[in-house]
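The values are calculated or read from the model by the stated rules, or taken from the named source; none is laboratory data. This structure is a prediction, so every number in the text was calculated from the model and none was measured. Neighbour counts are summed over all protein chains in view; Cβ atoms, including those assigned to glycine, are modelled from backbone coordinates with ideal geometry.
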Amino acid sequence: MDEMLIRQASARLAAAQRILIVCHIRPDGDAIGALLGLGLALQAAGKTVQMVCADGVPANLRHLEGSQQVLDRPKGDFDAICVVDCSDLKRTGSVLESYPQPDINIDHHITNL
């Protein structure tokens, strides 16, 4: 990964106060783990964060810390939007329909568009 991209993403998140983080529909442990990991870290840094997954958290992952904070749709306005573990924005479902293009996409899939 390009270090400049990492610095830019970090600076974007540092400058934002209200951050929306979204993962893909039909989430697996990867998606929920990325959503919760980033979301809880940003909350610990004093940010206001909404973590969203259109399909919610699967029952087998609801024991994870922070999973009760995951919403099925965003509420409000945001300074930054981040998508995690998602190679194609269509896989976020209808979550981002009313919002601008995400500022940041953190993903490991080779098919990332």
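Before moving on, here are some points about what is shown:
- Candidates I6, I19 - the one that is surrounded by 12 or more Cβ atoms within 10 Å (Cβ to Cβ) and of a type in the set (A, V, I, L, M): I19
A quick yes/no check of all residues on (1) surrounded by fewer than 20 Cβ atoms within 10 Å (Cβ to Cβ); (2) over 24 Å from Q8 (Cα atoms); (3) in contact with a Lys or Arg (Cβ under 9 Å, 6 or more places away or on another chain):
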| position | (1), (2), (3) |
| --- | --- |
| M51 | no, no, no |
| V57 | no, yes, no |
| L71 | yes, yes, no |
| D77 | yes, no, yes |
| S94 | yes, yes, yes |
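- Every pair of residues 6+ apart whose Cβ atoms lie under 6 Å, when the first sits in the range 84-96 and is over 9 Å from C23 (Cα atoms) while the second is of a type in the set (A, V, I, L, M) and part of a loop (DSSP other than H, G, I, E, B): D88/L113; G93/I25; G93/A54; V95/A54
- Screening the range 24-38 for residues that are in a helix (DSSP H, G or I) and in contact with a helix residue (DSSP H, G or I) (Cβ under 7 Å, 6 or more places away or on another chain) and picking the one that is surrounded by the most Cβ atoms within 10 Å (Cβ to Cβ) gives I32.
- Qualifying residue in the range 65-78 (condition: among the small types (G, A, S) and at pLDDT 95 or above): yes
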